[in-house]
Amino acid sequence: MHGYLSITRPANSVVAGLAGVLGYLIATGTVTPESAVLIGIVALITAAGNVINDYCDAEIDAINRPDRPIPAGLVSRRGALIYAAILFAAGNLFTLATNYLCLAIALFNSVLLVLYAARLKGMPFIGNLAVAYLSASIFLFGGALAGTEGLAANLPVAGVTFLAMVAREVLKDAEDVEGDAAGGARTLPMILGIPRTITLAFVFAGAATVLSMLPVFRWWGLPYLLAIGVLNLAVLIGAMKVRGCTTPVCIRSSRVTSTLKKGMFLSLVIFTAAAVLL
């Protein structure tokens with residue numbers, strides 16, 4: 001049973017589920033007992049995506065990650081495939097207790113998770129976009145429980161998450177150029193080169209910064225503007241350490257992906273506080 005638990009990456013799955021509730025909180029300013037179903041739905045579908053990812057990567061993991069459940073012999077490939085199907089089915093069945101918007105997002109994301117694991121992961125930049133969308137869509141899913149207005153209320157946070165995740169994903173690929181090349185992968189930094197990849201990442205990070213300021217004009221006013229402005233400035237200053245890097249080692253030493261991750265987390269804190277208090 002340990003293998004079947006660990007292959008789902010349970011901590012990541014539960015955190016994703018909590019992000020769904022956060023989307024509902026941003027949409028409504030409150031959390032109701034009914035919104036708890038979001039945790040189960042998102043956690044189950046995220047877990048299913050993790051399992052199908054390990055199923056598709058079994059041969060690669062046998063070389064690079066022999067400790068993963070399938071190469072370690074804790075879960076068979078056939079067992080993983082059946083397990084993923086059960087998790088996907090359970091997650092989508094629970095969505096029937098919500099509404100058509102949530103059901104549509106859940107079904108689409110389930111298909112995309114399978115496509116990502118099977119094909120999109122190996123496609124330069126397309127895989128990065130898929131991961132960014134899947135991360136951002138959790139907030140749309142949570143907001144959708146409150147209807148179209150709730151979904152619309154989460155568009156800014158979903159947009160910021162998407163743009164910031166694209167920036168982080170391409171920089172993570174730049175960090176891993178040596179290992180990816182040895183494994184036969186072809187990522188965006190291998191095509192564009194590291195300096196151009198950094199420039200592209202800054203374009204997406206800058207777009208995320210601009211988008212994060214837009215809710216001030218419709219909803220949240222000066223307190224939000226000050227908080228998000230200070231955070232954006234701090235993140236951009238921290239990210240500037242990567243400028244001029246031409247090697248994966250330089251990017252790793254700049255800790256730029258860690259800076260972006262912390263910035264995304266803190267921006268969610270600000271969005272949530274603004275939704276509840278302002």
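When restricted to residues that are surrounded by 14 or more Cβ atoms within 10 Å (Cβ to Cβ) and in a loop (DSSP other than H, G, I, E, B), the stretch 172-192 contains 3.
Considering only residues in the stretch 226-278 that are among the charged types (D, E, K, R) and more than 21 Å from the chain's Cα centre (by Cα), the one that is surrounded by the fewest Cβ atoms within 10 Å (Cβ to Cβ) turns out to be R243. Within the stretch 155-171, if we keep just the residues that are modelled with pLDDT of 90 or more and of a type outside the set (A, V, I, L, M), the residue that is surrounded by the fewest Cβ atoms within 10 Å (Cβ to Cβ) turns out to be G159. On inspection, F265 fails the criterion of being in contact (Cβ under 8 Å) with a residue 24 or more places away in the chain and not assigned by TED's automatic domain parsing to the domain that holds S135. Checking the stretch 40-49 against the condition returns no match, with no residue being loosely packed, with under 15 Cβ neighbours inside 10 Å and either at pLDDT 90 or above or assigned to a helix (DSSP H, G or I) (or both). Got at least one residue in the stretch 25-33 being surrounded by 20 or more Cβ atoms within 10 Å (Cβ to Cβ), over 30 Å from V276 (Cα atoms) and small (G, A, S)? Within the stretch 25-33, none of the residues are surrounded by 20 or more Cβ atoms within 10 Å (Cβ to Cβ), over 30 Å from V276 (Cα atoms) and small (G, A, S).
Looking only at residues in the stretch 7-39 that are among the β-branched types (V, I, T) and assigned to a helix (DSSP H, G or I), the one that is farthest from F108 (Cα to Cα) is T28. When each of N92, N128, N109 is tested for being modelled with pLDDT of 90 or more, buried (at least 16 other Cβ atoms within 10 Å of the Cβ), assigned to a helix (DSSP H, G or I) and in contact with an Asp or Glu (Cβ under 6 Å, 6 or more places away or on another chain), the lone residue that passes is N128. Given the condition part of a loop (DSSP other than H, G, I, E, B) and crowded, with 21+ Cβ neighbours inside 10 Å, answer yes or no: does some residue in the stretch 95-104 qualify? Within the stretch 95-104, none of the residues are part of a loop (DSSP other than H, G, I, E, B) and crowded, with 21+ Cβ neighbours inside 10 Å. With respect to (1) among the hydrophobic types (A, V, I, L, M, F, W, C); (2) modelled with pLDDT under 95; (3) part of a helix (DSSP H, G or I), the lone exception for I82 is condition (2).
Residue-wise test of (1) assigned by TED's automatic domain parsing to the domain that holds A167; (2) under 24 Å from A153 (Cβ atoms); (3) within 22 Å of the chain's Cα centre (by Cα).
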position	(1), (2), (3)
T30	no, yes, no
A36	no, yes, yes
G49	no, no, yes
N53	no, no, yes
I60	no, no, no
L112	no, yes, yes
A132	no, yes, yes
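Candidates in the stretch 4-29 are the residues that are among the polar types (S, T, N, Q) and in contact (Cβ under 8 Å) with a residue 40 or more places away in the chain; of these, the one that is farthest from N53 (Cα to Cα) is T28.
The values are calculated or read from the model by the stated rules, or taken from the named source; none is laboratory data. Given the structure is predicted, the values throughout are model-derived calculations rather than measurements. Here Cβ is always computed from backbone atoms with ideal geometry, including for glycine, and neighbour counts include all displayed protein chains.
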